[in-house]
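The values are calculated or read from the model by the stated rules, or taken from the named source; none is laboratory data. Keep in mind that what you see is a predicted model, and the values were worked out from it rather than measured. Methodologically, a virtual Cβ is constructed for each residue, glycine included, from the backbone with ideal geometry; neighbour enumeration extends over all protein chains shown. The protein model used for the area step is the full one, side chains on, heavy atoms only, and it has no ligands, DNA or RNA in it. Shrake-Rupley method; radii C 1.70, N 1.55, O 1.52, S 1.80 Å.
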Amino acid sequence: MFFNTHTHLNSDDLYEEREQLIKNCFEKNVTEMTVVGYDLASSKRAVALAHEYECIHATVGISPNDCEDYSEEAFKEIAVLARDEEVVAIGEIGLDYYYDTDKKLQKRVFNKHLELAKELDLPIVIHCRDAYEDCYNMLKESGCKGIMHCYSGSDQMAMRFVQLGFYISLAGPVTFKNAKMPKLVAKNVPLDKLLIETDDPYMAPVPLRGTRNEPANVVYIAEKIAELKECSIEEVERQTFDNAKDIFHI
Ligand SMILES: [Zn+2]
């Protein structure tokens, strides 16, 4: 059984087709998944989906790319949602300096979520792009544990996050021909610290690159990790499933 730790079945691109997409998952033996919120509306939908389907778990939070929508009221609603029994983590949250964004605002919003995670004793799902050093320092100070989602940094940096108590989650890029870093991460980070995800609807893995991504495609990520680690896909399947259950406390 595979555990997809990061899907956006709550996005408008996938939501209406959820019945079929979940069926596709079960055909590929993907039996558990975490639907990740990135703003208030998608967080609400993630929680609703988790109540609707037994195979779905939810996370809630406002991502660095959605910080402009941040308000005290929205955050209060996130904090209420976070107490729902189906919520397994706070996220996706973090820092993203790829676009020319307000770093100060991102840090403030990130900190609010870190405090919430600590208060509720929940793990966190981190979205980090071009901001590894700042992110590392804030996580170290917070003492929170969780997942570095769709990790794209170096393998050395990955091991620093592992030492803080984080799992490293790999998505479509590990299958891309020219993506060197995620391949090094797959090879050098121990399997008992790795997770698999699709981060759909974008970043479909090879051999489906360029098409709309969906949760069932997580098997291609597992297949690639097995190839890079020179182990069986069953081993990747079993260990990443156990890792996901461990971090989400389920
Ligand atoms: Zn995401």
First in the range 139-167 and free of Cβ contacts under 8 Å to residues at least 24 places away in the same chain, second anywhere and open to solvent by 60 Å² or more (accessible area, probe 1.4 Å), Cβ under 8 Å, 6 or more apart
Gly165/Lys145
Of residues in the range 138-171 being under 13 Å from the mean Cα position of the chain (by Cα) and either of a type in the set (A, V, I, L, M) or in a helix (DSSP H, G or I) (or both), the one nearest to the ligand (Cβ to nearest atom)
Ala171
Can you find even one residue in the range 103-115 that is in a strand (DSSP E or B), open to solvent by less than 40 Å² (accessible area, probe 1.4 Å) and in contact (Cβ under 8 Å) with a residue 12 or more places away in the chain?
no
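Residue check: is Phe75 aromatic (Phe, Trp, Tyr) and either outside any helix (DSSP H, G or I) or open to solvent by 40 Å² or more (accessible area, probe 1.4 Å) (or both)? If you could, list the steps in order and put the result at the bottom.
On the way: aromatic (Phe, Trp, Tyr): yes; either outside any helix (DSSP H, G or I) or open to solvent by 40 Å² or more (accessible area, probe 1.4 Å) (or both): no.
Criteria not met by Phe75.
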In the range 111-133, anything within 18 Å of Gly165 (Cα to Cα) and within 16 Å of the ligand (Cβ to nearest atom) is listed as His113, Pro123, Ile124, Val125, Ile126, His127, Cys128
Residue list for the range 204-250, filter: acidic (Asp, Glu) and either in contact (Cβ under 8 Å) with a residue 24 or more places away in the chain or outside any loop (DSSP other than H, G, I, E, B) (or both):
Glu214, Glu223, Glu227, Glu234, Glu235, Glu237, Asp242, Asp246
Lone unmet requirement of (1) within 16 Å of the ligand (Cβ to nearest atom); (2) closer than 24 Å to Phe241 by Cβ; (3) not hydrophobic (A, V, I, L, M, F, W, C) for Pro64
(2)
Name the residue that is nearest to Ile196 (Cα to Cα), counting only residues in the range 16-30 that are of a type in the set (S, T, N, Q) and open to solvent by less than 90 Å² (accessible area, probe 1.4 Å).
Asn29
Taking the range 120-137 only, how many residues are surrounded by fewer than 18 Cβ atoms within 10 Å (Cβ to Cβ), touching a residue at least 12 places away in the same chain (Cβ under 8 Å) and either among the aliphatic types (A, V, I, L, M) or part of a loop (DSSP other than H, G, I, E, B) (or both)?
2
Unique residue being open to solvent by 10 Å² or more (accessible area, probe 1.4 Å), outside any helix (DSSP H, G or I) and either more than 19 Å from Lys118 (Cα to Cα) or away from the ligand (no atom under 16 Å from the Cβ) (or both) when the list is Arg83, Arg45
Arg83
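Say we look at the range 185-220 and pick out the residues that are β-branched (Val, Ile, Thr) and under 21 Å from Gln163 (Cβ atoms); which of these is nearest to the ligand (Cβ to nearest atom)? Before you say what the answer is, go through the steps one by one.
Narrowing the range 185-220 to residues β-branched (Val, Ile, Thr): 185, 189, 196, 198, 206, 211, 218-219.
Now narrow it down to the ones that are under 21 Å from Gln163 (Cβ atoms): 185, 189.
Details: Val185: 18, Val189: 20 Å.
Restricting to residues being β-branched (Val, Ile, Thr) and under 21 Å from Gln163 (Cβ atoms), the top hit is Val185.
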Kindly indicate the residue of the range 1-43 that is of a type in the set (Ser, Thr, Tyr) and in contact with a strand residue (DSSP E or B) (Cβ under 9 Å, 6 or more places away or on another chain) and also farthest from Glu68 (Cα to Cα) among those meeting that condition.
Thr31
